[in-house]
């Protein structure tokens, strides 16, 4: 059974791209049934509508978002009983804004850290209306990605993995992981659909969560 | 155990993330909407009718399997199975894409596939009847055109059923 | 999430291996044992599905099956 309530809730804030104001949000520790209902009832129809616009605008399919085939209910069903997997969701204005699942059994590849445990991000996705790769409509809320990466790092510290995280980036997000997150690009991974593999070492992880924290 | 993420950090995060996409994870490993399954007890006859309909529509538009898969943005294997294998349970997205390309009701295609159970399922029976009249030949014959037209009218959004 | 505590009795040899692994992986004993449990559960899940567990030599591509009874 997929849980009906998150095990914990961390208060966070997203940036409303229209007003540039912060809005109250919550980081849910654990994707629950509510989030999957939002995905089914709101994300999918909105994604289809945006794909239709891309198609009408004759945007080539190779530029369409690669995550358009993802099935979050399937992903959750697969990991719901596994100790090695955790999930997170960001909720704002009574709606799921982004989701992430992580795996605690993978190991680092970066020279000097190879073989050490890390938090591997299996999947990370923002709601269609928070994305820039879908038609011309501007993203509604900003900050989801960095908040989820922050969560992955803090979970890694909690697990004793020193903040190490790793992930395979979707092609349109390479710049986010390299530049905004400061992760090390370990190149294309032939065993993983040629996606680029990124890793964050303990020092970079520490500066990631400290950077911009203020006083 | 909650995390320590403060407001100032979030404000900076919003600025740093502006204009960037954030997706991570494997692309093709999981076909969409498989959770809609579970209706495999549905009659194979209606799924045969669905396969027949797609086959006729495709040939009527002069498209190869590959070309239709490209046009509808679906996997070639999925389309092949859909046309030729009545025990194959298609996914919702495939039917959505095909309904868009063919201009027919997604809901009714879902009903035919057995993914959903329609309240009014007269159209399923009618579609099966039309499909049963068709025979597999290379070129679309005049009869097949008539059958196809019948199927289209049955599967259209606004079709009235007895 | 609430946590439960248990006492674990290990032989000297087992404790030595645990400490060696903790040292090598730079992990605490609790963390290492939790990690072992996660992996055990994952392996069991795959075996139940009928999968086999192999180690592959990266250079020679030789596979050695680990017997799980």
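The values are calculated or read from the model by the stated rules, or taken from the named source; none is laboratory data. Being a predicted model, the structure only gives us computed values, none of them experimental. Note: ideal-geometry Cβ built from the backbone for every residue, glycine included; neighbour counts use all protein chains shown.
Is there a residue in the stretch C:45-57 that is within 11 Å of another protein chain (Cβ to nearest Cβ) and either exposed (fewer than 10 other Cβ atoms within 10 Å of the Cβ) or assigned to a helix (DSSP H, G or I) (or both)? Yes, the conditions are met somewhere in the stretch C:45-57. Is it true that residue A:110 is facing chain B (nearest Cβ under 9 Å), surrounded by 15 or more Cβ atoms within 10 Å (Cβ to Cβ) and closer than 16 Å to residue A:165 by Cβ? So residue A:110 fails the test. Scanning the stretch A:169-185 for residues that are surrounded by fewer than 24 Cβ atoms within 10 Å (Cβ to Cβ) and more than 15 Å from residue A:150 (Cβ to Cβ) gives A:171, A:172, A:174, A:175, A:178, A:179, A:184, A:185. The set of residues in the stretch A:194-204 being surrounded by 15 or more Cβ atoms within 10 Å (Cβ to Cβ) and within 13 Å of chain B (Cβ to nearest Cβ) consists of A:195, A:196, A:197, A:198, A:199, A:200.
When you check residue A:147 against the structure, is it closer than 18 Å to residue B:15 by Cα, crowded, with 24+ Cβ neighbours inside 10 Å and modelled with pLDDT of 95 or more, yes or no? Yes, satisfied.
The residues listed here are A:19, A:10; of these, the one that is within 12 Å of chain B (Cβ to nearest Cβ), part of a loop (DSSP other than H, G, I, E, B) and over 21 Å from residue A:133 (Cβ atoms) is A:19. Looking across A:139, A:92, A:98, one residue alone is closer than 24 Å to residue A:48 by Cα, more than 14 Å from the chain's Cα centre (by Cα), within 12 Å of chain B (Cβ to nearest Cβ) and at pLDDT 95 or above. It is A:92. So residue A:153 passes all but one of these: (1) farther than 23 Å from residue A:42 by Cα; (2) at the interface with chain B (Cβ under 8 Å from one of its Cβ atoms). Which condition number does it fail? Condition not satisfied by residue A:153: (2). Being part of a helix (DSSP H, G or I), more than 10 Å from chain A (Cβ to nearest Cβ) and at pLDDT below 95 is the requirement here; does residue C:39 meet it? For residue C:39, the condition - part of a helix (DSSP H, G or I), more than 10 Å from chain A (Cβ to nearest Cβ) and at pLDDT below 95 - is not met. All of (1) more than 8 Å from chain B (Cβ to nearest Cβ); (2) buried (at least 24 other Cβ atoms within 10 Å of the Cβ); (3) at pLDDT below 95 hold for residue A:166 with one exception: (3). Could you grab me the full set of residues in the stretch A:120-135 that are more than 8 Å from every other protein chain (Cβ to nearest Cβ), at negative phi and touching a helix residue (DSSP H, G or I) at 6+ places or on another chain (Cβ under 8 Å)? A:127, A:128, A:129, A:130, A:134 - these are the residues of the stretch A:120-135 that are more than 8 Å from every other protein chain (Cβ to nearest Cβ), at negative phi and touching a helix residue (DSSP H, G or I) at 6+ places or on another chain (Cβ under 8 Å). Of all residues in the stretch A:156-213, those satisfying the criterion of being closer than 16 Å to residue A:118 by Cβ, touching a residue at least 24 places away in the same chain (Cβ under 8 Å) and under 14 Å from the mean Cα position of the chain (by Cα) are A:165, A:166, A:167, A:168, A:169, A:181, A:198.
If you check B:39, B:45, B:49, B:29 for being at pLDDT below 85, farther than 30 Å from residue C:2 by Cα, more than 7 Å from chain A (Cβ to nearest Cβ) and under 14 Å from the mean Cα position of the chain (by Cα), only one passes: B:49. Scanning the stretch B:58-110 for residues that are part of a helix (DSSP H, G or I), at the interface with chain A (Cβ under 10 Å from one of its Cβ atoms) and touching a residue at least 60 places away in the same chain (Cβ under 8 Å) turns up B:92, B:93.
Answer yes if at least one residue in the stretch A:30-51 is in contact (Cβ under 8 Å) with a residue 12 or more places away in the chain, surrounded by 19 or more Cβ atoms within 10 Å (Cβ to Cβ), part of a loop (DSSP other than H, G, I, E, B) and away from every other protein chain (no Cβ under 12 Å), and no otherwise. Yes, that holds for at least one residue.
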